[in-house]
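Written out below as structure tokens is the structure these notes cover.
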Amino acid sequence: MKISTLDRKKFRVRNKLKKVSSKDRFRLCVSRSTKNISAQIIDDVNKITLVSASSVEKNIREQKKSKSELSTLVAETLAKKAQDKKIKKVYFDRGIYKYHGRVKIFAETLRKNGMEF
């Protein structure tokens, strides 16, 4: 069975992260579509999602912002939720997306709000 190009790219990025990962850090996975962006912090050892935030949530969706402004809002809410659970160090899993545009804005906003990766 042949694996698609996007799946190969996703596996390549995630496998590199998992090789260097340690048990004191969690994985921050980002996914975006043409209109929305979402992210979650995942514990790969226990295979559970610890914190998540999305632009589809009611309080963010009501603000009617542009796509790049939505990524900053989602990053700020994710950082607040992570600080409540005392999570500071994560690995940034960009998935199949380039570190460019909305993904880059998302990452820089997280760094400004105290996340380390």
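The values are calculated or read from the model by the stated rules, or taken from the named source; none is laboratory data. Treat the numbers as computed from the prediction; the structure is a model and nothing was measured. So basically every Cβ, Gly included, is an ideal-geometry build from the backbone, and we count neighbours across all protein chains shown.
Scanning the stretch 46-58 for residues that are touching a residue at least 12 places away in the same chain (Cβ under 8 Å) and not in a strand (DSSP E or B), we see that the one that is nearest to LYS104 (Cα to Cα) is SER55. Among the residues of the stretch 42-54, those that are surrounded by 14 or more Cβ atoms within 10 Å (Cβ to Cβ) and modelled with pLDDT of 95 or more comprise LEU50, VAL51, SER52, ALA53, SER54. Under the condition of being at pLDDT below 90 and surrounded by fewer than 15 Cβ atoms within 10 Å (Cβ to Cβ), the residues counted in the stretch 22-35 number 3.
Of all residues being at positive phi and either free of Cβ contacts under 8 Å to residues at least 12 places away in the same chain or in contact with a Lys or Arg (Cβ under 8 Å, 6 or more places away or on another chain) (or both) in the stretch 65-117, which is surrounded by the fewest Cβ atoms within 10 Å (Cβ to Cβ)? Just the residue, please. Talk me through it step by step, then tell me what you get.
Step one: of the stretch 65-117, the residues at positive phi are 86, 95, 101, 114.
Now restrict to residues that are either free of Cβ contacts under 8 Å to residues at least 12 places away in the same chain or in contact with a Lys or Arg (Cβ under 8 Å, 6 or more places away or on another chain) (or both): 86, 95, 114.
On the way: LYS86: 6, GLY95: 14, GLY114: 11.
Step by step, filter the stretch 65-117, then rank; the result is LYS86.
Against the numbered list (1) surrounded by fewer than 19 Cβ atoms within 10 Å (Cβ to Cβ); (2) farther than 17 Å from PHE117 by Cα; (3) not small (Gly, Ala, Ser), LYS18 comes up short only at (2).
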